[in-house]
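Inspection log for the structure reproduced underneath, given as structure tokens.
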Amino acid sequence: LIRPIKGRGTTGRAWPYDIVTKKYVVEVDCRIKNERYVAETLAHEFTHIEQYHQNRLVTKHGVRQWTDEYGTQSFKRATTHNAYLRQPWEVEARRRGREFVDKYFPQ
């Protein structure tokens with residue numbers, strides 16, 4: 001979906017649309033004018049789709065569960081921006097978004 005997104009600083013979102021059929025939604029704010037940033041946002045959001053598809057990131061009853069080589073952890077909704085940025089699925093998505101644009105959109 002390409003449309004305006006409400007929320008301060010939110011440029012994209014991703015979520016499972018139907019967990020049975022493994023269909024997902026990626027939403028990108030149409031007001032982003034910088035193509036490098038659009039590409040980074042898409043790579044970031046598609047990383048979340050991969051995380052959901054591989055069941056590394058699961059949302060149940062408002063609680064997110066993250067599974068990695070260290071096991072499974074549960075996370076409630078982050079209450080601060082810094083807490084949000086430290087969530088492991090966000091750390092991975094930001095890193096992979098940056099790697100994508102560095103490789104395909106060199107400055």
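The values are calculated or read from the model by the stated rules, or taken from the named source; none is laboratory data. Just so it is clear, the structure is predicted and the values come from calculations on it, not from any experiment. Don't worry about glycine lacking a Cβ; one is built from the backbone with ideal geometry, like all the others, and counts go over all protein chains shown. Surface accessibility is based on the protein's heavy atoms, side chains included, excluding ligands, DNA and RNA. Shrake-Rupley method; radii C 1.70, N 1.55, O 1.52, S 1.80 Å.
Numbers below:
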read-out: Residue that is farthest from LYS103 (Cα to Cα) [pool: residues in the stretch 34-72 that are of a type in the set (Phe, Trp, Tyr) and in contact (Cβ under 8 Å) with a residue 24 or more places away in the chain]; value: TYR52
read-out: Of all residues in the stretch 2-14 being modelled with pLDDT under 90 and open to solvent by 80 Å² or more (accessible area, probe 1.4 Å), the one that is nearest to LEU85 (Cα to Cα); value: ARG8
read-out: Residue in the stretch 36-55 that is over 24 Å from TYR104 (Cα atoms) and of a type in the set (A, V, I, L, M) present; value: no
read-out: Scope the stretch 15-29; condition among the β-branched types (Val, Ile, Thr) and open to solvent by 80 Å² or more (accessible area, probe 1.4 Å); matching residues; value: ILE19, VAL20
read-out: Tally of residues being open to solvent by 90 Å² or more (accessible area, probe 1.4 Å), charged (D, E, K, R) and not in a helix (DSSP H, G or I) across the stretch 30-71; value: 4
read-out: Test set (1) open to solvent by 30 Å² or more (accessible area, probe 1.4 Å); (2) assigned to a helix (DSSP H, G or I) - TRP89 fails condition number; value: (1)
